[in-house]
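The values are calculated or read from the model by the stated rules, or taken from the named source; none is laboratory data. None of these values were measured; they are calculated from a predicted model. No Cβ is skipped: glycine too gets one built from the backbone with ideal geometry, and neighbour counts run over all protein chains shown.
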């Protein structure tokens with residue numbers, strides 16, 4: 001059975017989506033598909049998705065706008081994997097992301113997980129400030145960082161989370177579409193007895209601006225000259 005289905009809702013973010021898909025095309029684990037759900041965008045990303053059909057097992061769906069929670073449900077309903085990984089369309093991941101997740105969900109016998117958000121060394125001061133505002137204990141309580149929730153039980157957040165098909169089947173997915181939909185979902189899953197944990201090494205970078213070319217030069221595309229890459233996969 002297919003191991004992972006990566007669910008990506010997108011709303012007017014074709015450029016950011018292209019960067020994320022470029023990251024996914026470099027994963028060291030290959031047993032996955034990508035499900036992109038266009039949630040009523042006026043600036044569509046279909047051309048970006050079609051450009052990755054050679055390098056990724058990828059599917060594209062369009063639907064009227066309903067918000068990210070229900071867009072994720074729409075994608076999971078159509079996914080084939082044993083695990084669903086939910087990423088925001090402005091996420092960037094290292095090539096070992098799926099390898100780390102694959103190892104840790106088996107090692108820890110997890111039913112759902114979450115990962116943190118980091119800033120990259122190439123980020124500008126503005127990008128680092130944006131990252132700090134989302135990850136610091138002093139701003140958001142560390143909900144996107146490495147801190148666990150108060151009380152010790154980890155409640156995954158939907159910018160970077162995964163759940164097994166069994167969790168999806170028993171919870172029915174997100175009950176509301178915005179404003180705390182991920183916390184409500186995590187509480188419901190934990191009440192059903194599912195095992196959750198933070199995987200600190202399964203981090204993302206948030207694509208917070210137009211100057212992340214150094215990220216790709218240093219990490220994702222380190223073994224290929226930029227001239228060999230599709231134009232849409234390079235940040236300009």
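Based on this model, can you work out whether residue 44 counts as modelled with pLDDT of 95 or more, part of a loop (DSSP other than H, G, I, E, B) and either under 23 Å from residue 105 (Cα atoms) or within 16 Å of the chain's Cα centre (by Cα) (or both)? No; evaluated as a whole, the condition is false for this residue. If you go through region 190-219 and keep only what is farther than 17 Å from residue 101 by Cβ and either modelled with pLDDT of 90 or more or under 16 Å from the mean Cα position of the chain (by Cα) (or both), you end up with 190, 191, 192, 193, 206, 207, 208.
Take residue 29 and tell me if it is buried (at least 16 other Cβ atoms within 10 Å of the Cβ), on the phi < 0 side of the Ramachandran plot and outside any loop (DSSP other than H, G, I, E, B). When the stated conditions are applied, residue 29 does not pass them.
The set of residues in region 167-194 being in a loop (DSSP other than H, G, I, E, B) and surrounded by 16 or more Cβ atoms within 10 Å (Cβ to Cβ) consists of 173, 174, 177, 194. Is there a residue in region 72-90 that is in a strand (DSSP E or B), modelled with pLDDT of 95 or more and in contact with a helix residue (DSSP H, G or I) (Cβ under 6 Å, 6 or more places away or on another chain)? Yes, some residue in region 72-90 is in a strand (DSSP E or B), modelled with pLDDT of 95 or more and in contact with a helix residue (DSSP H, G or I) (Cβ under 6 Å, 6 or more places away or on another chain). Scanning region 143-178 for residues that are modelled with pLDDT under 85 and closer than 18 Å to residue 85 by Cβ turns up just one, 144. Taking region 179-202 as the range and being out of contact with any helix residue (DSSP H, G or I) (no Cβ under 8 Å at 6 or more places or on another chain) and more than 17 Å from residue 83 (Cβ to Cβ) as the test, the residues that pass are 179, 180, 183, 184, 187, 190, 191, 193, 200.
Scanning region 2-26 for residues that are farther than 19 Å from residue 77 by Cβ and in a loop (DSSP other than H, G, I, E, B) yields 12, 13, 25, 26.
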